[in-house]
Structure formats: structure tokens, C-alpha cells
Amino acid sequence: MIKSHNPAGIAGPFGHYDHGVEAVDVSRLLHVSGQVGVAPDGSISDDLEAQIEQTWLNIETVLAEAGMTTANVVRTVTYILDASAVPLLAAARRKHLGPDCRAAWAAGGRGGGGGPRRARASGPGRGGGGRA
């Protein structure tokens, strides 16, 4: 079971996440390595939105290999090279985690637009039942 924590003593979450996510009675724990938007054939789209989508597909593939789904995700970490990508990242996160999943989310990086654009995300998955 996953239990959300949003204490009244701090400001509410600024997006689609909870301040604290507690995994209760965990029987299995899966740590997913950082994933990038590389397709199974090794190709990388020039389109950032397509890279973000592929990143989530890669995460879902790793989870499926372990008999899990995005309902088992308790936390994600996103490295952002271009702050203008935040809306795309947030929309993809909501799409793949679902409207009821508010897994903890850490996002950071540099706010400028320079450098190569690569979508990357990682996070542990929790085994057992789905979110409660």
C-alpha cells in the first residue's frame, strides 16, 4: 500500500505529486536506473516530446519485466536541461502515472536552454499491490 503525506504545516505541492509517499508493507523493491529517450533500435528522436515519451516507455518496460506497473512507482527524479520543457515533462508524467498517482517528484537541473536535449528520468518501483 502507498500512503500520501501532505502535512498542513507546509505549503501544498506545486504540481501533480505528494510531499511524502510512504510504501507500507513492501515485499519487493525495484530501483530503475536513469532512463533516456533511446528507442529499442538505438535511435533518438530530434523531438524532445518524443524523447520524453520514449523515456516513459522504457521505464514501463523495465517495470513490466519485474511484474510491476507505474502504479508501483513511489518516486521519480527528472533532470532538466531546459526549463521550458517542464510542461512537457509534467504532462508525460501525469499521462504515464495516471491522474490518481501522485508519486513524489524531484526535478532539477539548469534552467538555460544550452546543451543537448535529452529526456532522462529514474525512480524506484515498489513491488506488491497497487496504490491504495
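The values are calculated or read from the model by the stated rules, or taken from the named source; none is laboratory data. In this text, all values refer to a predicted model and were calculated from it rather than measured experimentally. We place every Cβ from the backbone using ideal geometry, glycine too, and count neighbours over all the protein chains shown. Ligands, DNA and RNA are excluded from the accessible area calculation, which covers all protein heavy atoms including side chains. Shrake-Rupley method; radii C 1.70, N 1.55, O 1.52, S 1.80 Å.
If Lys and Arg each add +1 and Asp and Glu each add -1, what is the summed charge of the other residues whose beta carbon sits under 13 Å from the beta carbon of Gly15? Net charge around Gly15: +2. For the range 1-63, the carbon plus sulfur part of the accessible surface works out to 55%, probe radius 1.4 Å. If R0 is 41 Å, the Cβ-Cβ spacing of Ala8 and Leu57 corresponds to a FRET efficiency of close to 0.65.
Please give me, ordered by residue number, the GluC sites (Glu not before Pro) of the range 1-92 that lie in loop per DSSP and have at most 14 other Cβ atoms within 10 Å.
Taking the range 1-92 and a limit of 14 other Cβ atoms within 10 Å, no loop GluC sites (Glu not before Pro) are found.
Summing Lys and Arg as +1 and Asp and Glu as -1 over all other residues whose Cβ lies under 14 Å from the Cβ of Pro40 gives a net charge of -4.
Could you let me know the centre-to-centre spacing of the range 14-31 and the range 58-84, using Cα atoms, in angstrom? Distance between centres, Cα-based: 12 Å. With a simple spin-label model that places each label point 7 Å from the Cα along the Cα-to-Cβ direction, the separation between Ile44 and Arg28 comes to 3.2 nm.
Per-residue extension of 0.36 nm, minus the Cα-Cα distance of Met1 and Ala64, leaves a gain of 20.8 nm for this segment.
Which chymotrypsin sites (Phe, Trp or Tyr not before Pro) from the range 11-113 combine a DSSP loop assignment with at most 11 other Cβ atoms within 10 Å? Filter output for the range 11-113: Phe14. The loop-placed trypsin sites (Lys or Arg not before Pro) in the range 1-83, going by DSSP, that have at most 13 neighbouring Cβ atoms within 10 Å of their Cβ come out as Arg28.
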